[in-house]
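Read through the structure below, which is laid out as structure tokens, and then see the notes.
The values are calculated or read from the model by the stated rules, or taken from the named source; none is laboratory data. Everything numeric here is computed off the predicted structure, so don't read it as measured data. We place every Cβ from the backbone using ideal geometry, glycine too, and count neighbours over all the protein chains shown.
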Amino acid sequence: METKKVTASDAIDPRLVPQRTLRGGGKMPGIGMGTFGSDRFSAEQIAEAVKGAAEVGFRLFDCASVYGNEHLIGEVFEDIMKTGITREELFITSKVWNDMHGKGDVLLSCAKTLKDLKLDYIDLFFVHWPFPNFHPKGAAPDYHNADARPYIQEEYMETWYQMERLVKAGYVRYIGSSNMTVPKLKLVLRDCTIMPAANEMELHPCFQQPELFQYCFDNGIQPIGFCPIGSPTRPDRDKTPDDVVDIQDPIVAKIAKAHNVHPAIICIKWAVQRGQTPIPFSIYRNEYASNIRCTVEDLLTDTEMKELAAADKNCRLIKGQVFLWDGANTWEDLWDLKGVITK
Ligand SMILES: NC(=O)c1ccc[n+]([C@@H]2O[C@H](COP(=O)([O-])OP(=O)(O)OC[C@H]3O[C@@H](n4cnc5c(N)ncnc54)[C@H](OP(=O)(O)O)[C@@H]3O)[C@@H](O)[C@H]2O)c1
């Protein structure tokens, strides 16, 4: 329960926001705030946005060590909790980066994140990518790491079992996967002791990943949708000439016009009503305030939801080509398009 009423004039009551029920019955807000600035915004700007987002009603924050801003966001979390919002009302995620998959490193990575975020525990801790492959900040689109390796189940599970130790030790409530495919998740579900509670995956109207989405639901794994607006200002390394722009999609644009809102708002409404948990990013208060407000008012009709289902172009934006290994062909090798894990 909230201990203090939110007072900002652009705020909504967080108790009205749709909630997700996680494995075991725990609750998570049905929308969160992203904290990756696409290499465009400073850590200070993003931390300030987190503060504002809490003021307007966000309670879920999607963090990661690789975003390079957890130390400043931690200070904001401390401030937020001084305003009367309790730790239990917040739902904070973070992720272990690809260069910390080694034995013991997951624990170190979690310890660093806890220190930076100034927390006793993380609500949901993800393996950011299923590969131990590293790229430097601001990597060019054709960056190639000679040490990069394909997915190796034994290595992933070595990392996963360390994630499980974090749950058993009480440092993490739930663990999750990210940037996975159905064939990879099937193996994890076969071998894990603690199931993933959530899978963070790219999801927006032009990239709906219906098979993986359904697989997650069927197995009690909550899909968390990144790039929910189609990440219009993502880094150049994640842009190719064939990419479509969700906020210019004719179906999205038509429905936005009917509701008299920016197409970004339609992307978010669609995501929340479909059942995934979108984590839109913005540093602009008017944008992030409308991003959460739109989840509680002027919902999409069933007809509009059906129309949006037809907007899928199977257009993946975050292709991950900087993680390719020697001998791999194209970025598609990262995503097991033939239904088996690409070696
Ligand atoms: N697990 C992973 O591997 C992974 C990968 C990628 C992202 N993520 C997470 O997902 C989050 C979101 O992804 P993202 O930032 O790439 O993409 P996004 O949320 O789809 O797009 C963000 C951009 O959309 C625009 N926007 C936001 N709200 C708007 C509104 N109400 N009206 C108009 N425009 C609006 C903003 O552009 P302007 O700044 O130009 O206004 C903003 O920079 C990240 O911050 C991160 O936390 C995770």
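What to note about this one:
- Criterion applied to P228, P241, P232, P280 was being near the ligand (Cβ under 8 Å from one of its atoms), out of contact with any strand residue (DSSP E or B) (no Cβ under 8 Å at 6 or more places or on another chain) and in a loop (DSSP other than H, G, I, E, B), and the one residue passing it is P232.
- Residue among M163, M180 that alone is away from the ligand (no atom under 12 Å from the Cβ) and buried (at least 19 other Cβ atoms within 10 Å of the Cβ): M163
- Residue in the range 84-98 that is crowded, with 16+ Cβ neighbours inside 10 Å, among the aliphatic types (A, V, I, L, M) and part of a helix (DSSP H, G or I) present: no
- Residue among K257, K269 that is outside any loop (DSSP other than H, G, I, E, B), at negative phi, modelled with pLDDT of 95 or more and surrounded by fewer than 17 Cβ atoms within 10 Å (Cβ to Cβ): K257
- The listed residue being more than 14 Å from the ligand (Cβ to nearest atom) and in contact (Cβ under 8 Å) with a residue 24 or more places away in the chain, out of L119, L108: L119
- Only a single item in (1) surrounded by 15 or more Cβ atoms within 10 Å (Cβ to Cβ); (2) out of contact with any helix residue (DSSP H, G or I) (no Cβ under 6 Å at 6 or more places or on another chain) is not met by K137, and it is number (1).
- Criterion applied to E287, E297 was being in a loop (DSSP other than H, G, I, E, B) and either more than 17 Å from the chain's Cα centre (by Cα) or under 16 Å from C315 (Cα atoms) (or both), and the one residue passing it is E297.
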